[in-house]
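Here is the structure we will look at.
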Amino acid sequence: MEIKSLLDETNTEVEDERRMCKLAEEHFHKLLMEEKIKEERLPDIRYVLQRVKSRVAEEDKALLEKPWEEEELKIAASIMKTGKSPGPDGTPVEFFTLSWETTGSLVSQAILSNAASSIVINGRRSRPVEITRSVRQGCPLSPLLYILVTQTLTEVLEGEVCSGAIQGIFLQLANVHYYLGLFADDSHVIFAAAEESARNMKAVLDKFAGATGLLIQWEPLIDEAADSHHRWSAIWIPCVASSLIIKQRGLRAV
């Protein structure tokens, strides 16, 4: 399928193939390149860490930080299902397990070396884009990474609810204060229909985004109402609990 045009950051349509390749290269460079922690993010990181109660035990920390060993890769290859290929060339895993003394070091180098990819648009190839992080789609670790992120968000919001900065809604039958819902890969926050509570919730989510690097797309919500905090009341959604519901969209996993 031929690509006719792409939109740049200013929503300007670009039809030149050379420029389209450049746009695609820049997009995937931002998506797949690991970002260094900027100094301005440190206050947000400290804010989140101070509110997270879950901690990794010292023995688990030592195990997680232990240097990688080739024997671990050999064990992983030995328990793979026969006929499966660990690489894109289709070579079955049995070949590597039977010739590990020869191929083990080569496999290790391939795994530890930097990966790169190019984008092809209408037959024109972009410059290689180094891959130092992924979008985690289909990654076996995705469910665990999601739990780590949502658990952190839960504990941060719980601290703000306990301090009174954010008011959830009280579910009398369950005898709990409800302020955060998580369903599969979707999430929403619920808080009292008061401007102060809305401002506090947005401030907390902005700090969470600054600490984790997860982007929260406010535009789809704010564009429907206003571009400033003074018009928050315009996006209040009526519900039986007289609370404000804002769906959190656009989280990108790193």
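All of the numbers you see were taken from the coordinates with simple rules; none came from a lab. Treat the numbers as computed from the prediction; the structure is a model and nothing was measured. Counting neighbours? That spans all protein chains shown, and the Cβs are built from the backbone with ideal geometry, glycine included.
What number of residues within the range 31-68 are within 24 Å of LEU112 (Cβ to Cβ), within 20 Å of the chain's Cα centre (by Cα) and surrounded by fewer than 14 Cβ atoms within 10 Å (Cβ to Cβ)?
5
Please identify the pairs in which a residue from the range 88-113 that is among the polar types (S, T, N, Q) has its Cβ atom under 9 Å from the Cβ atom of a residue that is outside any helix (DSSP H, G or I), counting only partners at least 6 apart or on another chain.
From the range 88-113, the pairs are THR91/SER85; THR97/MET80; SER108/TRP68.
To keep it simple, each residue is scored yes or no on (1) farther than 20 Å from THR152 by Cα; (2) not in a loop (DSSP other than H, G, I, E, B).
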{"site": "ASN11", "(1), (2)": "yes, no"}
{"site": "ARG18", "(1), (2)": "yes, yes"}
{"site": "GLU40", "(1), (2)": "yes, yes"}
{"site": "ILE45", "(1), (2)": "no, yes"}
{"site": "ARG55", "(1), (2)": "no, no"}
{"site": "LEU73", "(1), (2)": "yes, yes"}
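Among (1) touching a helix residue (DSSP H, G or I) at 6+ places or on another chain (Cβ under 8 Å); (2) free of Cβ contacts under 8 Å to residues at least 12 places away in the same chain; (3) under 30 Å from ASP16 (Cα atoms), there is one condition ILE119 misses while meeting the rest; what is its number?
Only one criterion is unmet by ILE119, namely (2).
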